[in-house]
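Read the structure below first, then the notes.
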Amino acid sequence: MNTIGLLTSGGDAPGMNAAIRAVVRTALGRGARVLGFRHGYDGILEDDHSEMRSVDVGGIISRGGTILRSGRCKAFFEPAVRAQAGQKLQSLGVSGLIVIGGDGSLAGAKKLSEECGISVYGVPATIDNDIFGTNPSIGFDTAINTALGAIDRVRDTAYSHDRVFVVEVMGRKHGFIALEAGLAGGAEAILIPEIPFSLNQVCEKLAAGTSRGKKSSIIVVAEGAGSAHQISQDIRERSGFECRELVLGHMQRGGNPTAFDRVLATRIGSFAATQLMNGRSGEMAGFMNGAIVGTPLETVLSTDQPIDSERLLLADVMAQ
Ligand code: ADP
Ligand code: F6P
C-alpha cells in the first residue's frame, strides 16, 4: 500500500492530533505516503487534501482539536455521494483510509469500504466513550478531567452558599462522562439516560442529606437524561432548595489531552496504520482489557458499550 488517506470527522476530541501524528509517522516509517483530507468526508468530496510529512505533525501531540479540522458531512449519508468519494480516492491512488472519529464517522467508513472497495481502518475518538471495542475512547479521559475541574470549582461555591448545583455534562445519548466525573467529584446524585431515575427520589436524597447536616450538594446530569435548567427548576419547586445550574457544553471537547489520552491515541493510531498496511480492513483499533486490538466495524457498530451500573451504586453509597 503506497498511499494512505487520513481524516478526522464528527465531534472533535482531545487526542485526535496525537492519533494523526501516530498514523502519519507510523505510515511514513513503513514507506507509505499519507494524504490528509480536511473537514472530514467533505475533504474527499471537495479535493481539500495535502500530503502530510513528518514535520507537519511536529508539536501537535499536546494540542486539542484536530489540525485536519473536522466536519459533519450530511451528503455522505447518500450512497451516490459515497460512490463519488470512492472514485476520488481511487483517482488519487488512495488504497486505504484511516478515519478518526466517533461511531457516526465509523459507520460512514464501513459503508465506503463495503460499497466502493476502499480499505478502511477506524480510530475511535470521542469524548462520549460510547463506542464498543474500546474502553475508553480517545478524548474521554481529558473530558472527564475537564468536567471534574468544573465540578470541584462549583462545589466551593455550593459549600459557601449552602446551595444545590446541577451540572450538565455532554455524552449525547449516554452517561459515561456523567458517571465518571460524578463519581470522581463526589456528586450527591448522578442522572444518566441508561438508568431510570425520579426527581422526587433525588429531592428525598437531598432532604436526607440536610437532616444529616449536609448543606450543599452537586447533581451531575448527562445531557441525554435531561436539562440542568429544567431539573434545577423542578428541584427548586419541589423542595425549596436554593438551586443553580451549570451547563458545561463544548469546553469538555477542548484543551490539551491528558497523558493518558496522548499515549492511548499514539498506540491506537500506530496500530491502525500498521494493520491497514498489513492488509486488514473494516476494523477499528481499540483499547480492550489492557491491550490494543482490532474489532470488526460490524461488531463495533452493532454492539452497545455497556454502562457500569456498579459505579452508580457506589456513588450512591458514597453520597450518604
Ligand atoms: P461522530 O463521528 O462523532 O459520531 P456524527 O454522528 O455526526 O459524529 O458523524 C460524523 C459524520 O460521519 C457525519 O456527518 C457523516 O458525514 C458521517 N456519517 C455518520 N453516520 C453515517 C452513516 N450512517 N452513513 C454514512 N455516513 C455517516
Ligand atoms: O459526540 C460529542 C458531542 O460533544 C456530544 O457529547 C454532544 O452531544 C455533541 O457532540 C454536540 O455536537 P455539536 O458539536 O454538533 O454541538
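The values are calculated or read from the model by the stated rules, or taken from the named source; none is laboratory data. Keep in mind that what you see is a predicted model, and the values were worked out from it rather than measured. Ideal geometry is used to build each Cβ from the backbone, glycine not excepted, and the neighbour counts take in all protein chains shown. Surface areas here come from the heavy atoms of the whole protein model, side chains and all, with no ligands, DNA or RNA. Shrake-Rupley method; radii C 1.70, N 1.55, O 1.52, S 1.80 Å.
Below is a table of values for the structure above.
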item	result
Residues of segment 213-260 satisfying the condition of being charged (D, E, K, R) and without any contact (Cβ under 8 Å) to a residue 24 or more places away in the chain	Arg236, Glu237
Among residues of segment 1-27, those that are within 15 Å of ligand 1 (Cβ to nearest atom), in a loop (DSSP other than H, G, I, E, B) and either in contact with a strand residue (DSSP E or B) (Cβ under 7 Å, 6 or more places away or on another chain) or not acidic (Asp, Glu) (or both), counted	5
Failed item in (1) of a type in the set (Val, Ile, Thr); (2) within 18 Å of the chain's Cα centre (by Cα); (3) in a helix (DSSP H, G or I), with Ile307 passing the rest	(3)
The one condition in (1) more than 26 Å from Asp128 (Cα to Cα); (2) within 16 Å of ligand 1 (Cβ to nearest atom) that Arg30 fails to fulfil	(2)
Segment 71-108 - residue that is basic (Lys, Arg) and within 13 Å of ligand 1 (Cβ to nearest atom) and, of those, nearest to Thr8 (Cα to Cα)	Arg72
Selection from segment 109-132 of residues that are surrounded by 24 or more Cβ atoms within 10 Å (Cβ to Cβ) and either within 14 Å of ligand 1 (Cβ to nearest atom) or of a type in the set (A, V, I, L, M, F, W, C) (or both)	Ala109, Val120, Gly122, Val123, Pro124, Ala125, Thr126, Ile127, Asp128, Asn129, Ile131
Failed condition for Ile61, given (1) over 20 Å from Glu114 (Cβ atoms); (2) open to solvent by 10 Å² or more (accessible area, probe 1.4 Å); (3) not in a loop (DSSP other than H, G, I, E, B)	(3)
Only listed residue being under 30 Å from Asp162 (Cβ atoms) and out of contact with any helix residue (DSSP H, G or I) (no Cβ under 6 Å at 6 or more places or on another chain), chosen from Glu180, Glu242	Glu242
Residue among Asp141, Asp156 that is out of contact with any His (no Cβ under 9 Å at 6 or more places or on another chain), assigned to a helix (DSSP H, G or I) and within 16 Å of ligand 2 (Cβ to nearest atom)	Asp141
Restricting segment 142-182 to residues that are open to solvent by 20 Å² or more (accessible area, probe 1.4 Å) and at positive phi, the residue that is farthest from the chain's Cα centre (by Cα)	Asp162
Unique match (being open to solvent by less than 20 Å² (accessible area, probe 1.4 Å) and touching a Lys or Arg at 6+ places or on another chain (Cβ under 8 Å)) among Gly282, Gly185, Gly209	Gly185
